[in-house]
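*Asks:* I am attaching a structure below and will ask some questions about it afterwards.
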Amino acid sequence: MKSSVIVFPGSNCDRDIAVALEKLQFKNSMIWHKENILPKSDLIVVPGGFSYGDYLRSGAIAAKSNILNEVIKAGERGSLILGICNGFQILIECGLLKGALLRNSGLKFISKNIFIKIQSNKNKFFNKYKKNEILELNIAHNEGNFFTDKKHLNELEDNDLIPIKYCDKEGNINPKTNPNGSLNNIAGIFNKNKNILGMMPHPERMADKTCSNEDGLPLFLSLMN
Amino acid sequence: MKINKEQIEKHGLKLEEYNKIKELLGREANLLELGIFSAMWNEHCSYKSSKIHLKKLPTKNNIVIQGPGENAGVIDIGDDDAIIFKIESHNHPSFIEPYQGAATGVGGILRDVFTMGARPIALMNSIHFGSPTNKNTQNLLNGVVSGIGGYGNSVGIPTVGGETKFNSTYNENILVNAMAVGHANKKKIFYSKAKGINKPVVYVGSKTGRDGIHGATMASAEFDENSEEKKPTVQVGDPFTEKLLLEACLELMKENSIISIQDMGAAGLTSSSIEMASKGKLGIELNLNKVPCRENNMSPYEMMLSESQERMLIILDEKKEKKAKKIFDKWDLDFVVIVKTTDTNRLVLNFDNKIVADIPIRALADEAPQYDRKWNKPKIKKNNLKRDDLKKIKIEDVLIKILSSPDHSNKSWITDQYDQVVMCDTIQKSGGDAAVVRIHNKNKAISISVDSSAHYCSSDPKSGGKQIVCENWRNLISVGSKPLAITNCLNFGSPEKPDVMGEFVECINGMKEACEFLNFPVVSGNVSFYNETNSKSIFPTPVIGGIGLFDNLNKIINMKTKKVGNLIIIVGKTFGHLGQSSFMREIYSVNEGSPPEINLTNEKNNGQSILNLINLNLVASCHDVSSGGILISLAEMSMASMLGLKILKPKKFTDLNEYFFAEDQGRYLIEIEVDNLKKVESILKKSNIFYEVVAEVQNDIFELSKTFSIKTQELYKNNNQWFKKFNAIN
């Protein structure tokens, strides 16, 4: 499997995702944001961080960068694209995913381990998980509060386009187990064709037993399936 | 134009200091030169009151590669690896503008570390606020915490721990000390000493603006009711540019093109250029028309004294200039040769084809005044605690009250605002005795702990100075690491007051004794004087940041109890010392008495034995006993795992409060398997160490036989509510 990680000057999870991908034998390339050519890859990752500082709306400037044009084209051709955290924000800003990521409801940056529940495994990203499996992942963001209009929300819910939702250790999904105010506890969404995934939690941070758990690894294994 | 008295005072200089300047120049200074002298001669940059005392601290041993005097300290951790680290204060700016003050404190300390060639791998901090009932505290806490997080999170360096304390002594003068730790190849460490004549001096990073002009001078003056007006002297941070600068510098460092490098910290362009030239015994000539400016019509005075952030000065190998420029272009950063090194030993500034300043470097750096300030030996309060008249309180009520106090409450409200795991090498986050961070791609890790004990220091500075070094050492041992070296940040009042100076001198004497005894050298640090408002000093608050090493990832342990049925043993003797304890303070608001005594021989012996037991895989979990005493430490172990404990009553103590809340030093709690008890006992006996079994791990319930029984869940709830309530959005 060939993967490409897009590197913006303010990306800071690019090395982390590269380590996880290489651990699973992905042939990974780091693609600088000023590039105009994206090598042919089975998976494109837009990693977490602060792309261009994010002093404006998170991801807004990154969405207009050279390389993003290529990412958009690849996405439209059906390539697998994974946007994590700031990557999710960028995918929304560039229109590959719909909706908006608002400021966390608590108005604070949140970085902690949370639980998510697999809502659907019939897709390229989560097929190595069981449905309703509970994972412990880490979040670290200021704007992760997903919002969208009713029509889009229904479309997401009705078409299995919400693969993961925030929950507690026992799997309860309710306002109390929602860390950032996200609509319906949404932690990540697909586009219509399920080839593009945006998620706030960081699977790459849970790929090493020494530092954490390995709850994130099956996501990368799923992609190889 | 002749410099007048008012101008001299405005620049924080004394009249006799200005007379010395005139003597060194052989003429009157102009305003720009006065500004430059004031920036170099203020307390913050010149250490004029502290230098003669700091010299007493041990700064060398076989693992120290670079001690104090450079941007940060460097130690050898084996193989080709070096750890570069330092702690620094940003107290005054943070009180004036908490978000930016704290943020730029983090930015500054990160630059100190990557300037030397290290990739930063962890951030820590020690923050002290005024009383929770003070009207400013909530706002300051919120601002400082978001500032620390806002900067570190964005640059992408994990903030892995620290300490937060509250006391009315900091009402008008909070403390914000930030520590950065980096990893480098020990063969590729970069220094600030200039070498070679006619070498290009390059300005890189952000443009120079009007922010932070005279910041270092401000930091060297005490506050009064007009402090608010000093807002324009606080710098504004830009973590994005810091990230660019970090990556660009590290990329450039891979090539052999840098001769010397220095970040523009306090006193910006002035101190960086002078420091480089002075260390290299060279001169430096700058063309100020070339300095990249953010605003129009900036004067030489403003350029030289601006403290705009995220800037560096680099002296390059002239053959590598093009290649270097390409790297900075890639990262969209300014890269301008602002002229060259010379052999004149003078700082010469050109602007609009005129020489606007010309000062011998030696005058600025070496001739800075040094004072042996008058100091009074502190009067030590004897332990005159009278507890007979105090109202008796049930032990379980004491436990809950201490656990729910601001100083002892769980700090996750704070640490949840810091990205603690970016870089994916954080093995232990905040909340333990020390944070643990792996060296990327290697089977080794370092531990980091930041500690202070202002109460102890205020009551007995020398004993307090010793105690913090020991506590730091203990914390590093409690996670299983071998303590290596420390950095210190010394926060005190005005050195011009003999009583404050006495506290400073004695704290250093105490630290020196402990550091020497434990072979625990000080490799970097910072002194922050003038922490007072309207002539009232803060408690003497030295802060220690220590580094320990694991040469194997299997040796890392934490304080979480592991298995029902295991025993908890206390190692080290309990005498029942309650002076300066959390117990007296939180329960009775009594601040009397002397702090617990430090016995360095026991400290070392106990610590080494604990490390030995850990290395023999005999310890399931470990926690040091510090503020709050045994019962609080036991509760912390219990809450970490959510398992309960069945605690035994001591045989020799009739007063349970003395046993459970005393803060006697040199003690650890360790969890061991019942089957290992004999082995552990024989090792401790052999080293002549006092120990006794204090508890047994059980499910859910935290209890003391025939006295109280509380659910661990209940302890947790009480320990986790204060910050949320304090900061609830109304």
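*Asks:* What angle do you read, to the nearest 10 degrees and between 0 and 90, between the alpha-carbon axis of helix B:498-518 and the longest principal axis of chain B?
*Replies:* Once rounded, one gets 70 degrees.
*Asks:* Using alpha carbons only, what's the Rg to Rh ratio of region B:614-730 with Rh from Kirkwood?
*Replies:* Taking Rh as the inverse mean 1/r over Cα pairs, Rg/Rh reads 1.02.
*Asks:* Let me know the charge dipole size of the protein assembly as shown about its Cα centre in debye, to the nearest 20, where only the beta-carbon of Lys, Arg (+1) and Asp, Glu (-1) is charged.
*Replies:* Dipole about the Cα centre, nearest 20: 1460 debye.
*Asks:* Applying 1/(1 + (r/R0)^6) with R0 = 30 Å to the Cβ-Cβ distance of residue B:135 and residue A:209, what FRET efficiency is obtained, to the nearest 0.05?
*Replies:* 0.05
*Asks:* Right, another one. In whole angstrom, note down how far apart the Cα centers of region B:1-72 and region B:328-363 are.
*Replies:* Distance between centres, Cα-based: 20 Å.
*Asks:* Over what distance in Å are the Cα centres of region A:176-194 and region A:10-34 separated?
*Replies:* When both Cα centres are located, 25 Å separates them.
*Asks:* Also, quick follow-up: Determine the order of A:6, B:557 by accessible area, beginning with the largest, at a probe radius of 1.4 Å.
*Replies:* B:557, A:6
*Asks:* Okay, moving on. Show which lysines lie in cross-link reach of residue B:55 when reach means a straight Cα distance below 18 angstrom and same-chain residues fewer than eight apart are skipped.
*Replies:* Straight-distance partners of residue B:55: B:86, B:374, B:462, B:466, B:512.
*Asks:* Let me ask you something else. Got the relative contact order for chain B handy, in percent, Cα pairs under 8 Å and 6 or more residues apart?
*Replies:* 15
*Asks:* Here's a follow-up. Could you give me the percent of Cα pairs per 10 Å distance bin for region B:68-141, shortest bin first, beginning at zero and ending with the bin that holds the maximum distance?
*Replies:* Pairs per bin, as whole percents: 18, 40, 25, 13, 4, 0.
*Asks:* Add -39500 (n - 2.57) for each DSSP H run of 4 or more in chain B, then divide by its residues: what number comes out at 222 nm, to the nearest 500 deg cm²/dmol?
*Replies:* -10000 deg cm²/dmol
*Asks:* Please list, or write none, the lysines whose alpha carbon is within less than 27 Å of the alpha carbon of residue A:128, excluding same-chain residues fewer than 8 places away.
*Replies:* Result set, ordered by chain and number: A:2, A:23, A:27, A:40, A:98, A:112, A:117, A:165, A:169, A:192, A:194, A:209.
*Asks:* What quantity of accessible surface, computed with a 1.4 Å probe and excluding non-protein components, is buried in total between chains A and B, in Å² to the nearest 100?
*Replies:* 2400
*Asks:* If the cut-off is a Cα-Cα distance under 20 Å, which aspartates and glutamates reach residue B:497, setting aside same-chain residues fewer than 8 apart in sequence?
*Replies:* Result set, ordered by chain and number: B:9, B:16, B:17, B:43, B:172, B:222, B:224, B:372, B:460, B:506, B:532.
*Asks:* For region B:346-479, what does the alpha-carbon gyration tensor say about shape, rounded, prolate or oblate, given a ≥ b ≥ c as the root eigenvalues, a/c under 1.5 as rounded, and a/b over b/c as prolate?
*Replies:* Oblate is the answer for region B:346-479, as a/c is 1.5 or above yet b/c matches or exceeds a/b.
*Asks:* If you scale each eigenvalue of the Cα gyration tensor by 5 and take the root, what three semi-axes come out for chain B, rounded to whole angstrom and sorted largest first?
*Replies:* Semi-axes from the Cα gyration tensor: 46, 27, 22 Å.
*Asks:* Ok, one more. Sorted from largest down, give the three principal axis spans of the alpha carbons of region A:2-224, whole angstrom values.
*Replies:* Between the extreme Cα coordinates on each principal axis of region A:2-224 lie 44, 35, 31 Å.
*Asks:* What does the C-alpha gyration tensor say about the overall shape of the protein assembly as shown? Classify as rounded when a/c is under 1.5, otherwise prolate if a/b is larger than b/c, or oblate.
*Replies:* oblate
*Asks:* Taking a ≥ b ≥ c as the square roots of the Cα gyration tensor eigenvalues, with a/c under 1.5 meaning rounded and otherwise prolate when a/b beats b/c, else oblate, which class fits region A:14-136?
*Replies:* Cα axes put region A:14-136 in the oblate bin.
*Asks:* Which value in deg cm²/dmol, rounded to the nearest 500, describes the helix-derived mean residue ellipticity at 222 nm for chain A, given -39,500 (n - 2.57) per DSSP H run of n ≥ 4 and division by the residue count?
*Replies:* -6000 deg cm²/dmol
*Asks:* Count, for each residue of B:421-433, the Cβ atoms from other chains sitting within 10 Å of its Cβ, then give me the mean as a whole number.
*Replies:* Partner Cβ neighbours, averaged per residue: 5.
*Asks:* Now a separate question. Residues of the protein assembly as shown: accessible area per residue at 1.4 Å, in Å²?
*Replies:* Result: 37 Å² of accessible area for each residue.
*Asks:* Given R₀ = 45 Å, what would the calculated FRET efficiency be for residue B:601 paired with residue B:711, taking r from the Cβ atoms and rounding to 0.05?
*Replies:* Once the sixth-power term is evaluated, E becomes 0.65.
*Asks:* What is the mean number of Cβ atoms from other protein chains located within 10 Å of the Cβ atom of each residue in peptide A:7-14, rounded to a whole number?
*Replies:* 5
*Asks:* Under a point-charge model restricted to the Cβ atoms of Lys and Arg (+1) and Asp and Glu (-1), what is the dipole moment magnitude of chain A relative to its Cα centre, in debye to the nearest 20?
*Replies:* Dipole magnitude for chain A comes out near 220 debye.
*Asks:* Over region A:2-224, what percent of the accessible surface lies on carbon and sulfur atoms, probe 1.4 Å?
*Replies:* Exposed carbon and sulfur together represent 49 percent of the surface.
*Asks:* Connecting C-alpha atoms closer than 10 Å in a GNM of chain A, tell me which of A:64, A:151, A:117 has the biggest fluctuation.
*Replies:* A:151
*Asks:* Report the calculated FRET efficiency for residue A:127 and residue B:323 (r = Cβ-Cβ distance, R0 = 45 Å), to the nearest 0.05.
*Replies:* 0.40
The values are calculated or read from the model by the stated rules, or taken from the named source; none is laboratory data. Model, not experiment: these values are computed from the prediction. Cβ sites come from the backbone with ideal geometry, for glycine too, and all protein chains shown count toward neighbours. Side chains are part of the model used for accessible areas, which takes the heavy atoms of the whole protein and leaves out ligands, DNA and RNA. Shrake-Rupley method; radii C 1.70, N 1.55, O 1.52, S 1.80 Å.
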